[in-house]
Amino acid sequence: MRSEAVAQRIAEAVTLGLLREGEQLPSEVDLAAQLGVSTVTLREGLSQLRQRGLIETRRGRHGGNFVCGRGTLDRTSLQSRLRTTSAAELRDMGDEHMAIACACARLAAERASSSDIERLRRYAAAVPSARGVAQRAQTDSRFHIEIAVISQSERLTKREVSAQAEISELLWLPKPEPNSVDAASQAHEAIVEAIADEDAERAGRLAAEHVRTNIQRLLSLRLKLTES
């Protein structure tokens, strides 16, 4: 894993809220071991993150590397990113994410405990009550990642994290109307109930439909941006 990949892995965790503002990263020796890289490669990745303002290094007895937070979403750069992503790329991204989300939901329906279901309901409820686009993107991503965690598949969870990091910010661009938030919330609730009912087929179908709807929205928004 090169330094760019190290930086990307940590940046994804910050973007999705898996690493929160003010949180201290593990020691460089421990973090390098967790990522399977040398300390030299890790330090190069951390240097890139410092330049991007995602982490800061504090000196002294209680020093170390700390998460600075992601701040607010840059609407202009996100619009540019969506405009330069081809429709074919978006569809391909959607196909992959549908497969991941469907598999995670199916396995979650088969393996979720009662405490898993309650935790998933809390994540689902947090999306409509989130303040601001950045927080809503994070809480939305955490809901989907939690389904992957409940699936008990480490590989699928890693793929879901990567998919969310790739697309979560774009999904809330521009700031959605209340009915869009309500539609997402209803889709989340339906997925949770299917998982709670141990209905793997319905859970997988609903998860895939939810991703398909999101991709269709991005395709429509991209078309408007390219025509303007």
Which value, in Å², gives the accessible area per residue of region 1-160 when a 1.4 Å probe is used on the protein heavy atoms?
-> 54 Å²
With every protein chain in place, region 42-167: carbon and sulfur % of accessible area (1.4 Å) = 46 percent
For the chain, size of Cβ-based charge dipole, Lys and Arg +1, Asp and Glu -1, in debye | 860 debye
On average, how much area does the Cα convex hull of the chain cover when viewed from any direction, in nm²?
-> 13.2 nm²
At most 15 other Cβ atoms within 10 Å plus a DSSP loop assignment makes a site exposed; report the longest stretch of the chain without any exposed trypsin sites (Lys or Arg not before Pro).
-> 132-228
Do me a favour and compute the ellipsoid semi-axes for region 1-120 from its Cα gyration tensor, root of five times each eigenvalue, largest one first, whole Å.
-> 30, 22, 16
Among the GluC sites (Glu not before Pro) in region 169-228, which ones are in a DSSP loop with at most 14 other Cβ atoms within 10 Å of the Cβ? Mind listing them?
-> Glu198
Label-point separation (nm) for Thr85 and Arg111, each offset 7 Å from Cα along Cα-to-Cβ?
-> 2.7 nm
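The values are calculated or read from the model by the stated rules, or taken from the named source; none is laboratory data. Since we're looking at a predicted model, the values are computed, not measured. Cβ coordinates were reconstructed from backbone atoms using ideal geometry, including for glycine residues, and neighbour counts include every protein chain displayed. Ligands, DNA and RNA are excluded from the accessible area calculation, which covers all protein heavy atoms including side chains. Shrake-Rupley method; radii C 1.70, N 1.55, O 1.52, S 1.80 Å.
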